[in-house]
Amino acid sequence: MLVKDIMAKDVITVKSTDTVDTCASLLFNHNISGLPVMDDEGKLVGIVTEGDLIRRESRIQGPAVLEILGGLIYLDTPKKFMEELKRSMGQLVQDVMSKKLVTISPEASAEEAATLLVQNKIKRLPVIDKTGQLVGIVSRRDILNYLFPPGNVDDNLEKEL
């Protein structure tokens, strides 16, 4: 089975300049957990997830420091802390979205999609065609529905009982 056969084709997207509130509303109203982020030219530039929005309410761990004679020596890089702080205070999608993208072709197999999801510890894969356009999204749920079609799972359970 190919990704194009199991992916969701009507993908709800946001722009990087949309607000976090807009994202939360779309996620909630459409019962989804992530939104591809598009630029003004229609290219995929990121993804914003429930986790990205929840992160805004979490505590941020400051970098480990050693204080000697009134001076601070950073044991960890403060750069990561500053990036997390910026993300936690962001009001726009561009501030909170994940920019590290893992994508897949519509011609890839469902097995390849499952492997990418597991290896990268992610929940969804934007599906990009040869021209670089977003044509769909495949999620863990899509793969589960392919592996265990809803009607068949109940039938198999009844046979076991």
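Would you tally the residues in segment 114-146 being free of Cβ contacts under 8 Å to residues at least 12 places away in the same chain and polar (S, T, N, Q)?
3
Taking Pro126 and the conditions (1) loosely packed, with under 14 Cβ neighbours inside 10 Å; (2) in contact with a Pro (Cβ under 8 Å, 6 or more places away or on another chain); (3) modelled with pLDDT of 90 or more; (4) of a type outside the set (A, V, I, L, M, F, W, C), which numbered condition does it fall short on, given that it satisfies the others?
Against the list (1) loosely packed, with under 14 Cβ neighbours inside 10 Å; (2) in contact with a Pro (Cβ under 8 Å, 6 or more places away or on another chain); (3) modelled with pLDDT of 90 or more; (4) of a type outside the set (A, V, I, L, M, F, W, C), Pro126 comes up short only on (1).
(1) modelled with pLDDT of 90 or more; (2) surrounded by 13 or more Cβ atoms within 10 Å (Cβ to Cβ): which one isn't true of Gln94, the others all being true?
(1)
Starting from segment 2-25, keep only residues that are at negative phi and surrounded by 14 or more Cβ atoms within 10 Å (Cβ to Cβ), then list their pairs with residues that are polar (S, T, N, Q) and in a strand (DSSP E or B) whose Cβ atoms are within a distance under 7 Å, requiring at least 6 positions of separation or different chains.
Cβ pairs passing all conditions: Leu2/Ser109.
Suppose we filter segment 107-123 for residues that are among the hydroxyl-bearing types (Ser, Thr, Tyr) and open to solvent by 50 Å² or more (accessible area, probe 1.4 Å); how many remain?
Step one: list which residues in segment 107-123 are among the hydroxyl-bearing types (Ser, Thr, Tyr), which gives 109, 115.
Keeping just the survivors that are open to solvent by 50 Å² or more (accessible area, probe 1.4 Å) gives 115.
Total satisfying the criteria: 1.
Based on what the data block shows, is Thr131 part of a loop (DSSP other than H, G, I, E, B), open to solvent by 50 Å² or more (accessible area, probe 1.4 Å) and not charged (D, E, K, R)?
Yes: the conditions hold for Thr131.
The values are calculated or read from the model by the stated rules, or taken from the named source; none is laboratory data. These numbers come from a predicted model, not from an experiment. Positions of Cβ are generated from backbone atoms using ideal geometry, with glycine treated the same way; all protein chains shown enter the neighbour counts. Just so you know, the surface numbers come from the protein's heavy atoms only, side chains and all, with ligands and any DNA or RNA stripped out. Shrake-Rupley method; radii C 1.70, N 1.55, O 1.52, S 1.80 Å.
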